[in-house]
Amino acid sequence: MDGMGPLLYEGKAKKIFAAARPDQVVHYFKDDATAFNAEKRGTILDKGVVNNRMSERMFRLLEEHGIHTHFIERISEREMLTKKVTIVPVEVVVRNVVAGSLAKRLGLSVGTAIQPAIVEFYYKDDSLGDPLVNDDHLRLLNVATPAVLRELRESAQRVNAVLKPFMADRKMQLVDFKLEFGVYHNKMLLADEISPDTCRLWDMSTGESMDKDRFRQDMGKIEEAYQEVLKRVWG
Ligand code: UDP
């Protein structure tokens, strides 16, 4: 690959390499999968290819709708060139339907519609298990000012306003998803990835999960589900 430099960082699902320009990086998408704060580990064949291609589609779509992202170009099956951002250590979760940790925490039935969508913040810290936090906690931690949190919340709602109907047109219900943001030359950009690892997607005709819940809950046909999501997203 042209201009691929040394490994800068290795995460659970991606490696980040230096690029030719110091303010850009190359993301390499792995097949490794983890769940439950990395207590469960495994491999999903060609997940890296699916997540790279799906993220490309999602970032291009969001850019078309005026949402600024770190995406520059997809350079190979598993590699994406992006702007090099400083990640804000907050996972921004948007929910349209009750599932996962929300169902457990509040005792709500899985599948209950949430209208309008809600946004949650989690403090990105593996040793703490990414706790749910509010604006005051993030200010206390010096992670983000109220103005930045307002920007993240608004951005997340705009992303949802684009992705929810896009998925519905492809017969997938966008249940919830996680976003990460980063700062690049003083500008806030949507970063990380948007994939079946970071979204819950339910088939609209069967109600079946087409995302990482198949891995979390050992539901089988994981590879098939990821490929089907990719097909619908690009189809
Ligand atoms: N999510 C993620 N990374 C995380 C935690 C959550 O991508 O570290 C995504 C997850 O796939 C789902 C949404 O965020 O689409 C909400 O996840 P939830 O809080 O329900 O947690 P989970 O049930 O995954 O533990």
Fill in: Residue order, fewest to most beta carbons within 10 Å, for T198, T43
T43, T198
Response to the item:
The pairs in K40/K83; K104/K231; K40/K178; K47/K164 lying past 25 Å Cα-Cα in this model are K40/K83; K104/K231
Worksheet, complete the sentence: Quick shape check on region 1-133: root eigenvalues a ≥ b ≥ c of the Cα gyration tensor, a/c under 1.5 is rounded, otherwise prolate if a/b tops b/c, else oblate, and it reads prolate
Worksheet entry | Nitroxide proxy distance, nm - points 7 Å out along Cα→Cβ at D135 and T112 | 2.5
Item to complete: Compare the Cα positions of V85, T69, Y28 along the charge dipole of the chain (+1 at Cβ of Lys, Arg; -1 at Cβ of Asp, Glu; about the Cα centre) and return the one farthest towards the positive end.
Response: T69
Worksheet, complete the sentence: Honestly the chain on the Cα gyration tensor test (a ≥ b ≥ c root eigenvalues; a/c under 1.5 rounded, otherwise a/b vs b/c for prolate or oblate) is just rounded
Worksheet item: For region 45-62, in order, what is each residue's ³J(HN,Hα) by Karplus, 6.51 cos²θ - 1.76 cosθ + 1.60 with θ = phi - 60°, in whole Hz (x at glycine and Pro)?
Response: 4, 6, 4, x, 5, 4, 5, 5, 5, 5, 4, 4, 4, 5, 5, 4, 4, 5
Discussion item. Please state the shape class of region 107-152: rounded when a/c is under 1.5, otherwise prolate if a/b exceeds b/c and oblate if not, all from the C-alpha gyration tensor.
Written reply: oblate
Fill in: Cut-off under 5 Å, modelled amide H: who pairs with Q24 long-range
A19, K84
Worksheet, complete the sentence: Total charge of the residues flanking V110 in space, meaning their Cβ is under 12 Å from its Cβ, with Lys and Arg +1 and Asp and Glu -1, is +1
Practice prompt. Before rounding to the nearest 500, sum -39500 (n - 2.57) across all DSSP H runs of length at least 4 in the chain and divide by the residue total; then give [θ] at 222 nm in deg cm²/dmol.
Written response: -9500 deg cm²/dmol
Worksheet item: Sorted by average packing, counted as other Cβ atoms within 10 angstrom per residue and highest first, what order do 35-41, 209-215, 10-16 take?
Response: 209-215, 10-16, 35-41
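Taken together, the values in this text are just the output of simple stated rules run on the coordinates, not laboratory data. Predicted, not measured: the structure shown is a model, and the values here were computed from it. Reconstructed Cβ throughout: ideal geometry from the backbone, glycine too, with neighbour counts over all protein chains shown.
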